[in-house]
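Reading through the structure tokens given below for one structure.
The values are calculated or read from the model by the stated rules, or taken from the named source; none is laboratory data. Every value quoted in this text rests on a predicted model; they were computed, and no experiment measured them. In this analysis, Cβ positions are derived from the backbone assuming ideal geometry, glycine residues included, and neighbour counts consider all displayed protein chains. Please note that ligands, DNA and RNA were not included when accessible areas were found on the heavy atoms of the full protein model with its side chains. Shrake-Rupley method; radii C 1.70, N 1.55, O 1.52, S 1.80 Å.
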2 protein chains.
Amino acid sequence: MTDIKQQALACRDAAHAIAQLSTDAKNDLLRSMAAALEADADAILRANQQDLQAAKAKGTAGAMLDRLTLDPQRLAGIANALREVAELPDPVGLVTRREVRPNGIAIERVRIPLGVVAMIYEARPNVTADAAALCLKAGNGVILRGGSEAIHSNTAIAAALKRAISDAGLPAAAMTLVEDLRRETMVELLQLTDIVDLAIPRGGEGLIRFVSEHARVPVIKHYKGVCHLYVDKQADLALAQRLLLDGKASRPGVCNALETLLVHRDVAARFLPAAIEALRARKVEVRGDQATRALVPGVAAASEDDYAAEFLDLILAVRVVDDIDQAIEHIRRHGSDHTEVIASEDAASAERFIKAIRSAVVMVNASSRFSDGGELGLGAEIGISTTRLHSYGPMGAESLTVERFVVRGEGQVRHEDLLG
Amino acid sequence: MTDIKQQALACRDAAHAIAQLSTDAKNDLLRSMAAALEADADAILRANQQDLQAAKAKGTAGAMLDRLTLDPQRLAGIANALREVAELPDPVGLVTRREVRPNGIAIERVRIPLGVVAMIYEARPNVTADAAALCLKAGNGVILRGGSEAIHSNTAIAAALKRAISDAGLPAAAMTLVEDLRRETMVELLQLTDIVDLAIPRGGEGLIRFVSEHARVPVIKHYKGVCHLYVDKQADLALAQRLLLDGKASRPGVCNALETLLVHRDVAARFLPAAIEALRARKVEVRGDQATRALVPGVAAASEDDYAAEFLDLILAVRVVDDIDQAIEHIRRHGSDHTEVIASEDAASAERFIKAIRSAVVMVNASSRFSDGGELGLGAEIGISTTRLHSYGPMGAESLTVERFVVRGEGQVRHEDLLG
């Protein structure tokens with residue numbers, strides 16, 4: 001048997017022990033894991049220095065290097081995030097529905113853990129702790145396969161967390177860090193259909209496509225967020241401009257940032273000049289269609305590609321539309337099923353937009369930047385799904401469980417006549 | 001573009017129209033589909049005769065031929081099943097949770113259709129109508145790929161149903177029957193990741209494994225049901241015998257029939273002789289372990305394989321266990337995550353069993369035969385999932401939808417300071 005299969009089997013066995021834990025036992029464990037991270041701070045930061053040196057030697061810089069970097073403050077943030085997961089409600093055992101059938105059997109739908117979750121991720125070492133915490137909170141085992149660029153940091157973080165698990169008298173294999181980073185080993189992990197219940201890739205589009213193509217286990221993923229703001233003809237234009245600036249300029253590098261602005265032609269002349277001026281004051285480059293360019297001087301022409309782009313940068317594509325139907329049609333063609341926003345004071349338009357748009361999150365008069373597990377009340381988030389199955393949108397601990405049936409009777413059978 | 005891709009794209013576009021329909025419009029459509037089946041009864045039965053003749057010429061007989069056979073009564077049953085689906089609650093638009101966040105944004109979790117569902121199935125022509133009805137009820141498009149043995153029946157049924165869809169002014173592509181039955185065409189369908197949202201295989205283990213291996217779209221499936229009854233030391237033994245006979249002998253060929261009986265050793269001597277006598281009176285062959293054979297003469301020895309077998313026949317594997325832990329361990333090793341039953345009057349034992357067993361359905365003092373969408377209150381059933389993701393256990397119309405987020409605000413943003 002290969003090492004990775006052996007590790008995965010050990011994780012599955014350990015997951016069984018985690019699934020049985022009480023809420024208090026899990027929360028105590030999460031707090032011990034936070035304390036273990038703090039106790040190992042020096043070792044973790046030293047390990048991170050090794051990763052950073054290797055990255056710099058390879059010419060890594062900018063945002064990539066920043067994502068890899070740990071410092072005492074960031075490490076404290078990771079430990080606190082574990083304590084916050086301890087404070088979240090426990091989804092396991094939650095009874096979501098009860099029904100007594102005419103024959104007297106009592107049916108409950110009860111949440112149970114998924115089993116073993118494989119996280120495949122890049123760069124950010126905090127994912128090692130965050131994902132472990134959420135998976136354990138939901139009663140699962142977790143197999144963590146981070147990137148080679150963060151291997152020393154991930155190993156040091158995992159060592160601290162595993163010690164906390166062992167010290168609690170639990171099998172440390174419940175949290176398994178894959179240290180063999182060969183691609184073929186990852187592929188094998190992704191094909192262990194009888195052991196791994198779910199794979200969640202987090203990282204660049206290349207990684208996510210690789211996981212999707214090679215996995216035989218279920219995968220929940222999102223490729224990109226091409227989020228739209230549609231300014232309706234009955235919009236409060238001052239409110240719409242607030243949503244626009246917050247959506248585009250507050251943190252352009254995240255998946256819930258706006259990438260395209262659609263404006264109803266009846267309000268375009270009133271909205272666009274001031275809105276684009278405000279965007280420019282925040283260093284946003286605007287690329288527009290003919291109508292936008294006719295209204296505002298100096299706007300570059302948007303290409304067809306611009307309307308499908310996740311810029312992750314201070315760039316915005318703008319288009320003037322004839323009506324709400326054209327806006328919906330545009331989003332249907334170019335959208336990524338992530339998050340769309342309508343600014344409108346007309347309740348009928350808002351409802352029509354909600355119904356016609358099939359994205360995971362639809363906002364009415366609220367910023368796309370709220371499309372986030374924390375902001376939507378899930379507590380921490382393990383990812384955002386644009387897979388329309390199981391979970392759609394931000395995924396918290398509950399998304400790491402599934403409902404099953406528990407039936408209690410008093411000897412009911414289906415074929416009484418057989419028993420006579 | 002290949003034909004199958006073109007058909008799938010047309011189905012996706014049509015699904016968009018179905019997703020927007022009101023509950024009344026969908027229910028009217030389902031009733032019209034039932035009427036269309038009745039109007040076409042002669043044509044459908046003639047087509048079925050073609051399939052039956054071809055099957056007989058190939059030497060098909062027994063249960064397989066029976067599953068393929070339609071007659072006026074069965075056809076009436078299929079039409080009535082459509083009317084029953086019309087009576088079910090509509091899962092689309094269901095608000096499952098509401099929350100207002102401290103910043104005032106109001107969050108709803110709302111069910112929406114999955115999009116396009118591909119059903120891959122064998123033999124039974126009723127699946128063509130049943131699956132179409134449930135998928136449409138849940139606002140989805142459906143692509144039906146039945147087996148070659150039922151192609152004439154399926155085509156005639158689909159023609160009637162599609163006419164009803166067209167007559168309602170809706171795009172008939174919402175229900176697409178694949179007539180090109182080459183394996184490579186099915187594989188292509190299963191890899192249309194941007195078009196097909198879910199594949200559900202129904203049929204023999206070979207078909208299901210083929211679909212799982214070749215699909216790139218999400219698959220929900222179950223391979224087999226190896227259902228267990230555990231008779232606890234505190235069981236009501238008369239009640240336990242009722243569950244045993246109903247579970248094993250009422251319909252042995254279905255996936256929720258019992259395959260293995262586990263008996264606590266403290267009650268084995270009191271339970272097994274009478275129970276096995278009653279089983280034998282119903283023509284059930286018993287294969288047991290050493291302890292069972294010591295208690296009851298004439299019991300054949302059970303092999304290790306017998307404990308993992310889905311007999312789908314009047315055969316039962318029996319084992320005497322030391323305690324509930326050994327029963328749980330046995331089920332964990334040999335079970336199929338489908339349905340397990342405990343007979344016990346001890347509430348603590350029952351809770352322990354429920355918690356330790358991770359099957360989709362756990363029954364306390366009720367027959368395994370209730371593990372069925374209709375019996376568990378789901379109305380019709382599109383399949384039973386032993387995939388611990390999205391849906392686990394019997395799947396009704398609701399399992400063909402997913403929750404998404406709808407957020408309503410009054411201009412809330414995340415970074416107020418950016419707007420000044």
Review point. Where the Cα atoms of region B:1-109 are projected onto their three principal axes, how long is each span, largest first, in whole Å?
Key: 71, 39, 27
Check your understanding: When every alpha-carbon pair in region B:227-370 is counted, what percent end up more than 20 Å apart?
Key -> 36
Exercise for review: Within the set of other residues whose C-beta is less than 13 Å from the C-beta of residue A:400, count the net charge using Lys and Arg as +1 and Asp and Glu as -1.
Suggested key: -2
Review point. What number, in percent, do you get for the relative contact order of region B:227-370 if the mean sequence gap of Cα pairs under 8 Å and at least 6 apart is divided by its residue count?
Key: 34
Revision key, fill the gap. Most fluctuating of B:215, B:123, B:301 in the GNM of chain B (C-alpha, under 10 Å) is B:301
Check your understanding: Between residue B:83 and the same site in the other copies, what are the distances in nm, shortest first, taking label points 7 Å from Cα along the C-beta direction?
Key -> 6.5
Check your understanding: Looking only at trypsin sites (Lys or Arg not before Pro) in DSSP loops with at most 12 other Cβ atoms within 10 Å, what is the longest site-free stretch of chain B?
Key -> B:284-420
**Study point:** Peptide A:366-374 - average C-beta neighbours from other chains (10 Å radius)
**Key:** 5
Check your understanding: Going by a 1.4 Å probe on protein heavy atoms, which residues of region B:20-46 end up with at least 30 Å² less accessible surface in the whole assembly than in their chain alone?
Key -> B:20
Check your understanding: Direction-averaged shadow area of the convex hull around the Cα atoms of region B:243-302, nm²?
Key -> 4.0
**Study point:** Whole-number percent relative contact order across region A:163-223, with pairs defined as alpha carbons under 8 Å at least 6 apart
**Key:** 29
Review point. Leaving out ligands, DNA and RNA but keeping every protein chain, what accessible area does residue B:266 have, in Å² rounded to the nearest 10, with a 1.4 Å probe?
Key: 90
Practice item. Just name one of B:150, A:95, A:279: the one whose Cα is farthest towards the positive end of the charge dipole of the protein assembly as shown (beta-carbon charges, Lys/Arg +1, Asp/Glu -1). Key: B:150
Study note, to complete from the structure: Distances in nm between the label point of residue A:417 (7 Å along Cα→Cβ) and its equivalents in the other copies, shortest first, are 7.7
Revision key, fill the gap. Sorted shortest first, the nm distances from the residue A:23 label point (7 Å along Cα→Cβ) to its counterparts in the other copies are 3.2
Review point. Using a 1.4 Å probe on protein heavy atoms only, how many Å² of accessible area do A and B hide from each other, summed over both chains and rounded to 100?
Key: 6900
Review point. If you draw the axis that swings chain B onto chain A, which residue of B has its Cβ closest to it, and how far is that in whole Å?
Key: B:390, 2
Practice item. Determine the share of the protein assembly as shown's accessible area contributed by carbon and sulfur atoms, expressed in whole percent, with a 1.4 angstrom probe. Key: 48
Study note, to complete from the structure: The percentage of Cα-Cα pairs in region A:165-226 separated by more than 19 Å is 40
Check your understanding: What is the mean number of Cβ atoms from other protein chains located within 10 Å of the Cβ atom of each residue in peptide B:265-277, rounded to a whole number?
Key -> 0
**Study point:** Whole-percent pair-distance distribution, where bins are 20 Å wide, for the alpha carbons of the protein assembly as shown
**Key:** 15, 43, 34, 8, 0
Practice item. Take peptide B:397-404, look around each residue's Cβ out to 10 angstrom, count Cβ atoms belonging to other protein chains, and average those counts. Key: 4
Practice item. Counting only heavy atoms of the protein chains, get the accessible area per residue of the protein assembly as shown (1.4 Å probe) and round it to a whole Å² value. Key: 38
Review point. In a shell of Cβ-Cβ distance under 9 Å around residue B:229, excluding residue B:229 itself, what net charge do Lys and Arg (+1) and Asp and Glu (-1) give?
Key: 0
Check your understanding: Under 12 Å from the 7 Å Cα→Cβ point of residue A:17, by amide nitrogen: which residues of region A:174-199?
Key -> A:174-175
Practice item. Output the relative contact order of chain A, whole-number percent, from Cα pairs under 8 angstrom with separation of 6+ residues. Key: 18
**Study point:** Per principal axis, descending, Cα span of chain B in whole Å
**Key:** 75, 73, 36
Study note, to complete from the structure: Heavy-atom accessible area of residue B:1, protein chains in place, probe 1.4 angstrom, given in Å² to nearest 10, is 140
Check your understanding: Roughly how compact is region B:346-420, stated as its Cα Rg over 2.2 N^0.38 Å to two decimals?
Key -> 1.84
